[in-house]
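**Student:** This structure is in structure tokens; I'll ask about it shortly.
The values are calculated or read from the model by the stated rules, or taken from the named source; none is laboratory data. Keep in mind that what you see is a predicted model, and the values were worked out from it rather than measured. Virtual Cβ from ideal backbone geometry, glycine too; neighbours counted across all protein chains shown. All accessible areas refer to the heavy atoms of the entire protein, side chains included, with ligands and DNA or RNA removed. Shrake-Rupley method; radii C 1.70, N 1.55, O 1.52, S 1.80 Å.
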Amino acid sequence: EFFLSQQRTSNISIANMNDDEDHYVKLVSADDKEFFLDRKVAIACSETMKAMLEGNFRESEDNIIRFPDIGGTILEKVVQYMYYKMRNQKATGPIPEFPIDPACALELLVASNYLNC
């Protein structure tokens, strides 16, 4: 099991990177913030990332996806949501609320629409 750790630069990194590098995909935001996301989570939670990682694209070979139109703060929130979604997808009881700052709601909506997640 792995966990996310918050760094001073607001990047999310996987604490246990000893596993096979192909297990993770690196996401790079418009402002060059880097996030490491479990490949299975990326494929399960985003149709766009699934197409990039399973198709005949450079991203499927490099395990790096660049998002020139999505800022680091928004991409970080998207990554948090993907893990939230995976944790709660089989919940039988009440699901905890996923907090969204109203100030970034529109940008988050645009990014989630693009990522189809």
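**Student:** Looking only at residues in region 79-103 that are of a type outside the set (Phe, Trp, Tyr), open to solvent by less than 100 Å² (accessible area, probe 1.4 Å) and assigned to a helix (DSSP H, G or I), which one is farthest from residue 24 (Cα to Cα)? Lay out the reasoning, then the answer.
**Tutor:** Applying the first criterion (of a type outside the set (Phe, Trp, Tyr)) to region 79-103 yields 79-80, 82, 85-97, 99-103.
Of the ones still in play, those that are also open to solvent by less than 100 Å² (accessible area, probe 1.4 Å) are 79-80, 82, 85-86, 88, 91, 93, 95-96, 99-101, 103.
Narrowing further to those that are assigned to a helix (DSSP H, G or I): 79-80, 82, 85-86, 88, 103.
Working: 79: 13, 80: 15, 82: 14, 85: 17, 86: 15, 88: 21, 103: 30 Å.
Ranking the candidates gives 103 first.
**Student:** Need at least 3 residues that are out of contact with any Cys (no Cβ under 8 Å at 6 or more places or on another chain) and among the acidic types (Asp, Glu) per element, so show me which helices (runs of 4 or more DSSP H) inside region 22-68 make the cut, counting only ones lying wholly within it. Steps first, please.
**Tutor:** Numbers: elements: 39-45, 47-54, 58-62.
Fully inside region 22-68 and qualifying: 58-62.
Here's the yes/no breakdown for (1) at negative phi; (2) at pLDDT 95 or above; (3) in contact with a Leu (Cβ under 6 Å, 6 or more places away or on another chain):
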{"site": "6", "(1), (2), (3)": "yes, no, no"}
{"site": "13", "(1), (2), (3)": "yes, no, no"}
{"site": "16", "(1), (2), (3)": "yes, no, no"}
{"site": "25", "(1), (2), (3)": "yes, yes, yes"}
{"site": "30", "(1), (2), (3)": "yes, yes, no"}
{"site": "36", "(1), (2), (3)": "yes, yes, no"}
{"site": "49", "(1), (2), (3)": "yes, yes, no"}
{"site": "60", "(1), (2), (3)": "yes, no, yes"}
{"site": "71", "(1), (2), (3)": "yes, yes, no"}
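**Student:** Taking only pairs six or more apart or across chains, which ones have beta-carbon atoms under 8 Å, a first residue in region 92-117 that is of a type in the set (Phe, Trp, Tyr), and a second residue that is part of a loop (DSSP other than H, G, I, E, B)?
**Tutor:** Taking only residues 6 or more apart or on different chains, the pairs are 114/69; 114/70.
**Student:** Then there is this: Every residue in region 53-78 that is open to solvent by less than 90 Å² (accessible area, probe 1.4 Å) and under 16 Å from residue 41 (Cα atoms), please. Steps first, please.
**Tutor:** Start the filter on region 53-78 by keeping residues that are open to solvent by less than 90 Å² (accessible area, probe 1.4 Å), which leaves 53, 55, 59-60, 62-65, 67, 70-72, 74-78.
Hits for region 53-78 are 53, 59, 60, 63, 64, 65, 75, 76, 77, 78.
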